[in-house]
């Protein structure tokens with residue numbers, strides 16, 4: 001449960017077995033705690049808080065002592081209405097009697113949980129702590145043993161082994177984009193009026209490689225390489241074939257190992273929550289898995305590109321493209337001459 005990658009694979013297995021509601025609930029509470037934890041005012045666990053207000057299993061000695069006015073809100077970073085809205089969503093989706101994904105909990109646990117919600121100023125993100133106990137027991141007793149005998153568990157271990165240790169920077173190979181504007185006669189004819197953009201750097205092979213050379217000299221190539229890898233992932237996942245899905249998942253693991261994993265060779269800047277989302281999704285790739293990573297990397301690339309625009313390399317890009325066009329023409333002519341001469345010799 002504490003390892004997002006393994007948890008993601010366990011979820012795929014549970015969904016195939018049609019018993020994923022407990023794990024989905026646990027993961028939802030985990031996201032809830034990530035979002036609403038504030039150690040400055042909620043540093044105690046739910047068991048300790050229960051004991052301090054005498055909220056026991058029989059509740060005989062418990063006196064709620066609620067006043068008409070809500071208690072002072074202790075947190076400066078967590079909004080009361082926001083956390084209560086999320087609590088309502090979780091209750092409606094997993095704990096209410098009419099929920100299609102209701103988990104099985106006793107009435108006593110639900111009653112105590114309702115009291116903790118009323119005392120949200122004391123419990124904070126710990127309000128659902130007791131609700132987790134039975135789902136975790138069920139997974140440990142029933143689902144986990146079968147998961148550890150499954151094929152998906154073997155695949156998980158294979159991938160984890162490939163990331164331990166994480167690969168070196170020298171082993172990364174990122175193919176450049178295939179598009180080349182020098183093959184577009186209309187584009188080249190209007191070259192003088194062109195103003196190159198970051199999008200041009202990302203989609204044209206020659207411009208991409210020039211920008212990459214600049215970034216490597218600045219020791220900041222990781223964001224461009226990461227965005228390029230994500231583009232390749234998006235192309236694969238968009239093809240929607242069994243083969244492309246496998247390739248996309250392998251690509252997702254490469255992105256994780258080189259750019260997202262803590263301590264990776266080209267680690268990009270992203271929050272703990274974003275990193276965790278990526279790890280959870282490695283079990284089954286979907287469109288949008290890397291949107292937040294890409295957004296962060298593009299923010300840094302925009303800054304890099306602004307610096308690049310002030311360099312001589314950027315000023316010389318049009319001349320560079322013309323030279324590449326002439327080189328291509330010369331190569332084609334040379335190949336044609338060689339073919340003709342070769343044919344005459346054979347004759």
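We did not get these values from a lab; they are worked out from the coordinates using the rules stated. Predicted, not measured: the structure shown is a model, and the values here were computed from it. Cβ coordinates were reconstructed from backbone atoms using ideal geometry, including for glycine residues, and neighbour counts include every protein chain displayed.
Modelled spin-label separation between residue 109 and residue 84, with each label point placed 7 Å from Cα along the Cα-to-Cβ direction: 2.6 nm. Only Cα pairs under 8 Å and 6+ residues apart enter the sum, and on that basis the relative contact order of the chain stands at 20 percent. Listed by Cβ neighbour count within 10 Å, with the fewest neighbours leading, 44, 137 appear as 137, 44.
Taking the number of Cβ atoms within 10 Å of each Cβ as an exposure proxy, the fewest-first ranking of 46, 73, 91 is 73, 91, 46. When each of the peptides 8-19, 119-130 is scored by how many other beta carbons lie within 10 Å of its residues on average, the order from highest to lowest is 119-130, 8-19. Shape summary of the range 169-321, radius of gyration then Dmax from alpha carbon positions: 16.4, 48 Å. Oblate is the label for the range 69-119, because a/c, from the alpha-carbon gyration tensor with a ≥ b ≥ c as root eigenvalues, is 1.5 or above and a/b does not exceed b/c. Taking the empirical scaling 2.2 N^0.38 Å for compact globular proteins as reference, the chain has a Cα radius of gyration ratio of 1.39.
Our summary gives the range 169-321 a relative contact order of 24 percent, counting only alpha carbon pairs under 8 angstrom and 6 or more residues apart. Roughly how many Å is it from the Cα centre of the range 178-225 to that of the range 267-310, as a whole number? Taking the Cα centre of each part, the range 178-225 and the range 267-310 sit 20 Å apart. Computed on the Cα atoms alone, the convex hull of the range 79-184 gives a volume of 293 cubic angstrom per residue. The alpha carbon convex hull volume per residue for the range 1-114 rounds to 140 Å³. Of 274, 268, the sequence from fewest to most neighbouring Cβ atoms within 10 angstrom is 274, 268.
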